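Here the structure comes first, spelled out in structure tokens, and everything after it is commentary.
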Amino acid sequence: MAVSLHPEPFDPLALLAACTEQLPPGGHGAQAVFIGSLRDFNEGDTVRAMTLEHYPGMTEGELGRIEQEARARWPLQEVRIAHRVGSIAPGEPIVLVAAWSARRAAAFDACRFLVEALKSQAPFWKQETLADGRQRWVQGNA
Amino acid sequence: MAIHVRYFARLREELGREGDTLDAKDLSCVADVWARAHPGQERPPGVLMAVNQAYAHPQDPVRDGDEVAFFPPVTGG
């Protein structure tokens with residue numbers, strides 16, 4: 001399963017280990033990993049929680065499309081994308097992106113591409129809850 | 001059959017509903033769908049659109065049974 005959405009907290013390292021176990025040993029020389037977590041501050045305010053809304057079906061579809069784009073551009077042995085949805089607390093992982101390749105350049109470049117592409121293209125929307133209970137939508141990538 | 005319209009995030013809150021169901025008659029493109037659902041109300045700048053869960057442009061065609069979505073700029077990761 002290369003792409004997954006998680007309504008509950010997930011353990012990025014456990015997902016990575018499960019993925020690596022499936023790969024033939026020695027087949028890849030490089031694995032690049034990005035893990036994004038929820039900050040407890042944004043734009044000068046304390047963030048108490050965040051709700052991540054998505055478009056069921058289209059979000060998975062876009063993530064799959066982005067994965068295919070990365071595989072077309074770089075020689076990758078494996079790609080893993082995991083993303084939280086729903087209510088998230090500060091410190092919890094939001095996103096895991098990993099790319100396995102024979103060499104580091106492809107792994108680094110593909111990982112960076114996947115993170116940037118999913119931020120700007122996959123339908124997710126963030127609503128922050130601030131310390132005073134106020135809620136606000138995070139400005140998206142126009 | 002009909003065209004099913006969905007709204008997400010801030011746009012859903014601003015419109016006060018999750019979606020609309022429209023008679024497909026005389027609706028030929030995505031821009032028509034917005035115009036029928038929101039007469040006299042311009043599409044907010046930056047709003048993105050999708051047909052059957054794939055990104056679309058205002059002039060892309062729609063057909064009976066399609067799911068059309070409008071939503072604010074996205075921000076994942």
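With respect to B:Leu22, determine if the residue is among the hydrophobic types (A, V, I, L, M, F, W, C), modelled with pLDDT of 95 or more, in contact with a helix residue (DSSP H, G or I) (Cβ under 8 Å, 6 or more places away or on another chain) and crowded, with 20+ Cβ neighbours inside 10 Å. So B:Leu22 does not fit the description; no.
Note on segment B:1-21: residues that are of a type in the set (Phe, Trp, Tyr) and touching a Pro at 6+ places or on another chain (Cβ under 9 Å) total 1.
Count of segment B:13-29 residues, restricted to those that are within 14 Å of another protein chain (Cβ to nearest Cβ) and either part of a loop (DSSP other than H, G, I, E, B) or more than 22 Å from A:Asn141 (Cβ to Cβ) (or both), is 2. In segment A:38-64, the residue that is nearest to B:Ala56 (Cα to Cα) out of those that are within 11 Å of chain B (Cβ to nearest Cβ) and polar (S, T, N, Q) is A:Thr59. Across segment B:30-77, the qualifying residues are those that are small (Gly, Ala, Ser) and within 14 Å of chain A (Cβ to nearest Cβ), and the one among them that is surrounded by the most Cβ atoms within 10 Å (Cβ to Cβ) is B:Gly76.
Rundown of residues vs (1) among the β-branched types (Val, Ile, Thr); (2) touching a residue at least 12 places away in the same chain (Cβ under 8 Å); (3) under 26 Å from A:Val85 (Cα atoms), yes/no style:
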{"residue": "B:Asp20", "(1), (2), (3)": "no, yes, yes"}
{"residue": "B:Val33", "(1), (2), (3)": "yes, yes, no"}
{"residue": "B:Arg36", "(1), (2), (3)": "no, yes, no"}
{"residue": "B:Pro44", "(1), (2), (3)": "no, yes, yes"}
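The single residue among A:Ala98, A:Ala72 that is surrounded by fewer than 22 Cβ atoms within 10 Å (Cβ to Cβ) and either of a type in the set (Gly, Ala, Ser) or free of Cβ contacts under 8 Å to residues at least 40 places away in the same chain (or both) turns out to be A:Ala72.
Does A:Val79 satisfy the criteria of being in contact with a Lys or Arg (Cβ under 9 Å, 6 or more places away or on another chain), surrounded by 14 or more Cβ atoms within 10 Å (Cβ to Cβ) and away from chain B (no Cβ under 14 Å)? In short, yes. If you go through segment A:110-130 and pick out every residue that is surrounded by 17 or more Cβ atoms within 10 Å (Cβ to Cβ), more than 7 Å from chain B (Cβ to nearest Cβ) and not polar (S, T, N, Q), you end up with 6.
The values are calculated or read from the model by the stated rules, or taken from the named source; none is laboratory data. Computed from a predicted structure; not experimentally measured. Because the Cβ atoms are built from the backbone with ideal geometry, glycine has one as well, and the counts that use them run over all protein chains shown.
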